[in-house]
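Here is the structure we will look at.
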């Protein structure tokens, strides 16, 4: 369990998208629930495989060790209702569908809302989602699953995924009102979406936005192209060099798709999806996009912060941070410098902030020009209102940390 962390309701949870959360001691980082945390029973019985026959009663499935639920690594906090919104998933391979169970918790972990949904003609669970004031929005990638090599122990689970660029992604709108129907709309082909920065009700207000009612908008980090064949096959491929290398190069960024910030506009009633690179992010290879948490789910939100690799766009390691104004179609960039690599930004609203970009951007960077070129990590703090000016503070950590994934921030008064 090491994909993400969430601090909520005086608890710290470590999250993994293919299993149950683990409760973590915030002082020692000790895992307090090694068998998994069912979040008060909402996620069923720990230890049960997150697969269902689709036909047997739940009690019989539990007796067989199946019928469990895995929890997303990307829950979102809705600032409008002050609720933690998350979802669990369960595969029904015999019916080629994924069951979803969506939850909303209060600060005291009271379960305030639930609803069920299904992703049809689907063999793999989504990675992230967006939360608007009225709906949950999923951009579902299209892949096939070949489970036999995994069952035989000759391949990992990820190696058994087969990309399907010939099929359109599905944008699935799940109303938060359980009385309203779930709707799925086909989007573009050759697409693969990863992380959701923002979703809101209504059309985009930036350049080229749709007109009229019934629209929802999603900003997502996704590849510029999805190749057919084994998923992530490009990550293991490397072109030969005409000289000897001291160590193998993996991944070879020449073969990996660039990750861009995309804007989706979906009108489920009309069955229409519009996709384009977000205004201001043209030619910019980014990942791990985030917004001011106070503006999540708001159509007024205009600034997306992300790690940035280059402005070519070509795939590459993250070397700085970018602030994209999706309404004005502009951006500000700060580059960390030669041989320094940056990780995901964590966006922290200023205590006395009144403007949307009154935030601190926190990020871990590793500088490989120090400590005999072995590298040393540091915590960077940038002012979101003046991102291009660079860090206002830098805390050296005395060692090189392994490159991480996701994280969170909580103040002393919230912990």
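Observations on the model:
- The orientation-averaged projected area of the convex hull spanned by the Cα atoms of the chain comes to 21.7 nm².
- Pairs of alpha carbons in region 1-125 whose separation is greater than 22 Å (percent): 35
- Pair residue 333, residue 49: separation of 7 Å Cα→Cβ label points (nm): 4.7
- Pairwise label distance in nanometres, residue 400 with residue 370, each label 7 Å out on the Cα-Cβ vector: 1.4
- When peptides 214-220, 115-121, 189-195 are sorted by average Cβ neighbour count within 10 Å, with the highest value leading, the order is 214-220, 189-195, 115-121.
- The order of 242, 25, going from fewest to most other C-beta atoms within 10 Å of their C-beta, is 242, 25.
- Normalised contact order of the chain, rounded percent, pairs of Cα under 8 Å and 6 or more residues apart: 10
- Residues 256, 347, ranked from the fewest to the most other C-beta atoms within 10 Å, line up as 256, 347.
- Fewest neighbouring Cβ atoms within 10 Å first, the residues 403, 76, 127 line up as 403, 127, 76.
Only the coordinates and a few stated rules stand behind these numbers; no lab work does. All values reported here derive from a predicted model rather than from experimental measurement. With ideal geometry, Cβ positions are generated from the backbone for all residues, glycine too; neighbour counts draw on all protein chains shown.
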